Number of protein chains: 2
Amino acid sequence: MRIALLGGTGDIGEGLALRFGRDTDHEILIGSRDPEKARDAVESYGKALERQRTEANVKGFANEMAADRADVAVLAVPPYHVGDTVETVADNLDADTILVSPAVGMQGDEDGLHYHPPGVGSVTELVAQRAPDEVPVIGAFHNLAAGKLTDLEVEFDLDTLVVGDDEDAKKLVRDLANEIEGLRALDAGPLANSAEVESVTPLVINIAKYNDEMEDVGVNWV
Amino acid sequence: MRIALLGGTGDIGEGLALRFGRDTDHEILIGSRDPEKARDAVESYGKALERQRTEANVKGFANEMAADRADVAVLAVPPYHVGDTVETVADNLDADTILVSPAVGMQGDEDGLHYHPPGVGSVTELVAQRAPDEVPVIGAFHNLAAGKLTDLEVEFDLDTLVVGDDEDAKKLVRDLANEIEGLRALDAGPLANSAEVESVTPLVINIAKYNDEMEDVGVNWV
């Protein structure tokens with residue numbers, strides 16, 4: 001399968017590239033607004049994977065090109081660029097490309113981070129609103145700490161929650177997430193349930209802030 | 001210590017009464033709008049604790065009387081009665097009584113449960129707004145499934161998140177929660193962080209709904 005990580009030069013993109021690169025045989029397409037930046041990231045990820053004795057199957061592209069070739073395209077961009085990125089790649093998507101949204105809107109103050117969704121309810125739902133109607137939109141990978149995800153020396157045992165209205169697409173993304181070693185993908189229902197999933201992201205960051213012994217906090221649902 | 005469970009005839013009150021009753025030596029005061037109902041609950045909890053070979057230290061009162069005698073008063077009432085209950089017991093609270101809020105506002109539809117906080121931001125913050133100024137307000141016990149809490153045969157290994165602006169009161173409630181076997185209390189920061197804590201409650205219910213193998217879902221922060 002071909003997995004595009006749009007905005008794949010950021011930390012969530014890096015983490016997913018390294019984990020999918022090490023743990024699966026899928027082809028990883030790193031997308032960026034600047035293809036040169038994508039190719040630099042690919043070089044860096046390739047070296048990290050080589051240190052794990054994994055031959056990298058990672059390539060760099062402009063976001064549009066990465067989306068065009070992908071079976072699954074992950075919007076690994078900051079939350080306030082999600083809408084623009086969807087519009088940029090809209091012509092390169094179709095019913096056979098699953099669009100995956102991991103971004104979360106947050107605002108910080110002295111107390112910690114707070115969930116700050118767009119008016120439509122959640123970033124995941126914003127993606128569904130902006131994407132072409134025939135493109136299946138799935139929320140996943142929201143609550144994974146980049147610090148753990150990007151460090152391949154960390155063997156984790158974490159859960160991720162998957163939301164979506166298209167059951168086939170949701171199952172495919174769950175199966176894909178389960179291919180990452182130590183990651184368990186659970187179903188959290190339709191897109192309408194995405195706000196509660198997203199709001200766990202500021203929460204895990206707050207827990208790390210207020211408990212000395214904890215960092216890069218993740219979740220197990222038990 | 002004296003722990004009042006206001007509205008302690010409901011399932012969260014029952015669960016906390018049984019767990020505190022079995023795992024600690026604290027005096028448990030069950031409060032209800034109807035003292036007769038409180039005494040019936042006490043009889044039922046006493047029998048459940050006897051089956052665990054624990055001598056019950058549980059008594060029943062009207063909410064006002066339970067609050068008046070308490071060191072810690074837990075608002076174990078449905079979310080839309082929290083404000084009224086605080087007003088009912090306000091004259092029985094003072095700076096030496098910690099008020100604990102575990103309730104969460106939710107609305108359900110065919111997709112699942114959704115977080116539905118009051119305008120002030122969260123039920124925990126509503127309690128802080130309605131309580132007399134000198135009374136320390138702490139949020140805790142939000143995300144515990146009643147089904148697990150009330151069944152003493154279930155040995156759980158769960159986390160609860162504690163929020164509050166009064167550090168001494170927060171520490172006391174954390175220590176108290178940690179006395180329940182298998183429960184770990186983590187600090188999630190000030191009251192301003194309570195909405196993200198509360199919104200985990202509809203989420204755990206949705207996870208139970210959409211994953212066949214799971215029920216009475218709880219959380220470990222790892």
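Points worth noting:
- Mean Cβ neighbour count within 10 Å, used as a protection proxy, ranking B:27-37, B:106-116 highest first: B:27-37, B:106-116
- Computed from the C-beta positions of B:D175 and B:D133 and an R0 of 30 Å, the FRET efficiency is 0.75 to the nearest 0.05.
- Which of B:G10, B:A192, B:P78, positive extreme of dipole for the stretch B:2-210 (C-beta unit charges): B:G10
- Per-residue Karplus couplings for the stretch A:65-78, computed as 6.51 cos²θ - 1.76 cosθ + 1.60 with θ equal to phi - 60°, are listed in order as 5, 4, 5, 4, 8, 8, 8, 10, 10, 9, 7, 8, 10, x Hz, Gly and Pro entered as x.
- The figure for B:L152 is an accessible area of roughly 20 square angstrom, using a 1.4 Å probe on the protein chains alone.
- The residues of the stretch A:1-47 present an accessible area of 40 Å² per residue when probed at 1.4 Å with all protein chains retained.
- Computed from the C-beta positions of A:E43 and B:D34, the FRET efficiency with R₀ = 45 Å rounds to 0.05.
- Drop in accessible area of at least 40 Å² in the complex versus isolated chain, residues of the stretch A:201-221, 1.4 Å probe: A:L203, A:I207, A:Y210, A:N211, A:M214, A:N220, A:W221
- Percent carbon-and-sulfur accessible area, the stretch A:56-195, ignoring ligands, DNA and RNA, probe 1.4 Å: 44
- Residues of the stretch B:182-197 whose accessible area (probe 1.4 Å, heavy atoms of protein chains only) drops by at least 20 Å² once all protein chains are present, relative to their chain alone: B:L186, B:D187, B:A188, B:P190, B:A192, B:N193, B:E196.
- GNM flexibility winner over chain A from A:A140, A:A185, A:A208 (Cα, springs under 10 Å): A:A208
- Candidates B:R51, B:R130, B:R174: whichever shows maximal mean-square fluctuation once chain B is modelled as a Gaussian network with Cα springs under 10 Å: B:R51
- The antiparallel fraction among DSSP beta bridges confined to the stretch B:2-210 stands at about 20%.
- A 1.4 Å probe run over the stretch A:90-159, with the rest of the protein chains in place, finds 41 Å² accessible per residue.
- In plain terms, if you count all Cα to Cα distances in the protein assembly as shown and split them into 20 Å steps from zero, the share in each step is 26, 49, 22, 3 percent.
- Nearest-0.05 FRET efficiency for A:A90 and A:E215, computed from C-beta distance (R0 35 Å): 0.40
- Its relative contact order, with pairs defined as Cα atoms under 8 Å and 6+ residues apart, puts chain A at 18 percent.
- Chains A and B, summed buried accessible surface - 1.4 Å probe, Å², nearest 100: 2700
- When the helices of chain B are scored as -39500 (n - 2.57) per DSSP H run of n ≥ 4 and the total is divided over every residue, the value at 222 nm lands at -11000 deg cm²/dmol.
- Relative contact order %, the stretch A:93-222, counting alpha carbon pairs below 8 Å whose residues are six or more apart: 27
- Extending 7 Å from Cα along the Cβ direction at B:E155 and again at A:E153 yields two label points whose distance is 3.6 nm.
- Straight-distance crosslink candidates among lysines, where the alpha carbon sits under 18 Å from B:K171 and sequence neighbours closer than 8 are dropped: A:K209
- Placing unit charges on the Cβ atoms only, positive for Lys and Arg and negative for Asp and Glu, gives chain B a dipole magnitude near 340 debye about its Cα centre.
- Residues losing 40 Å² or more accessible surface upon assembly, the stretch B:109-124, compared with the chain by itself, 1.4 Å: B:D111, B:H114
- Candidate lysines for bridging to A:K37, where Cα separation is under 17 Å - those fewer than 8 sequence places away on the same chain excluded: A:K47, A:K59
The values are calculated or read from the model by the stated rules, or taken from the named source; none is laboratory data. Owing to the predicted nature of the structure, the values given are computational and were not obtained by experimental measurement. Because the Cβ atoms are built from the backbone with ideal geometry, glycine has one as well, and the counts that use them run over all protein chains shown. Note: areas computed on protein heavy atoms with side chains; ligands, DNA, RNA excluded. Shrake-Rupley method; radii C 1.70, N 1.55, O 1.52, S 1.80 Å.
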